[in-house]
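Participant: Could you have a look at this structure, given as structure tokens, before my questions?
The values are calculated or read from the model by the stated rules, or taken from the named source; none is laboratory data. Everything numeric here is computed off the predicted structure, so don't read it as measured data. FYI the Cβ positions are ideal-geometry reconstructions off the backbone, even for glycines, and counts take in every protein chain you see. Heads up: the accessible areas ignore ligands, DNA and RNA and are worked out on the full protein's heavy atoms, side chains in. Shrake-Rupley method; radii C 1.70, N 1.55, O 1.52, S 1.80 Å.
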Amino acid sequence: MKYNEISHFSHPQHRLKPGYTEVPFKCDGCKEVGIGSNYKCTTCNYDLHVHCALPSPSITHPFYTKCSFQFLSRPPGPIARYCNACEKVVSGFVYHCKLCGFDLHPCCAKLPTMLDDGEVELYLYRKVGSACHRCGRKGRSWSYRSTCKKYNLHVACVKEMLVESWHEIYFGRDEARGDYRDSYGQNGKIETRIPSLKGTLQSYHHNHRHHHRKGKVKKCCEMAGLAMQFVISAVLGDPTTLIAGVVGAFMSK
């Protein structure tokens, strides 16, 4: 056995090696998108988030103080279940509270309560009264909000953006023609594009009178874009991905 290799119940035929990828992958455990640190079987192209490869048998969460979440390899029961953090359907590994019936994707369960790079600080809230930068709505799912309260992003909206861009990530879809390139694109490089929120952020601020001045709008959108990069990296299961600059490439220049 090599150092740090693990055996995993979900893939008993081979050991999984720790690695790092700058290409988005679909976790074979929770079925959600990932990037950065992972555990992988190179023989079978089998990938797991670190949170899915090394789960805790049970966890508690500060948002649900009366709950005890147990790790399950599949959602319990015959009916569709949804993650209480991001509102997306649970299709694989899950933390489930039998008493309350709450469910959390492993990466959602382990979302950092605070993201900070020295300039922007974002705190995770179960509910926020201010509008989300992407959808413009209040409430809904868990949210990351900046300390200045200007930037608020639903975890659900980030997940939706990633789901909507799944074909773009892997196939480089041309929406105008409706066709698809192969996963390596026309130039042989794997596509890692995710639709930018830049236009959405510009529209959002142009609809608010106190952001009429272009300089202020641009600066505000840059900060909101940075906040989005933080949240995307956390939702993908590896906040440290930021240092590789990968998430930054998701935002259009």
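Participant: With a 1.4 Å probe and all protein chains in place, put MET114, MET161 in order of accessible area, largest first. List each step's numbers first, then the result.
Facilitator: Numbers: MET114 75, MET161 5 Å².
From most accessible down to least: MET114, MET161.
Participant: Quickly work out the THR113-to-LEU54 label distance, labels modelled 7 Å from Cα along the C-beta direction, and quote it in nm with one decimal.
Facilitator: Each label point is offset 7 Å from its Cα along the Cβ direction, giving 2.1 nm.
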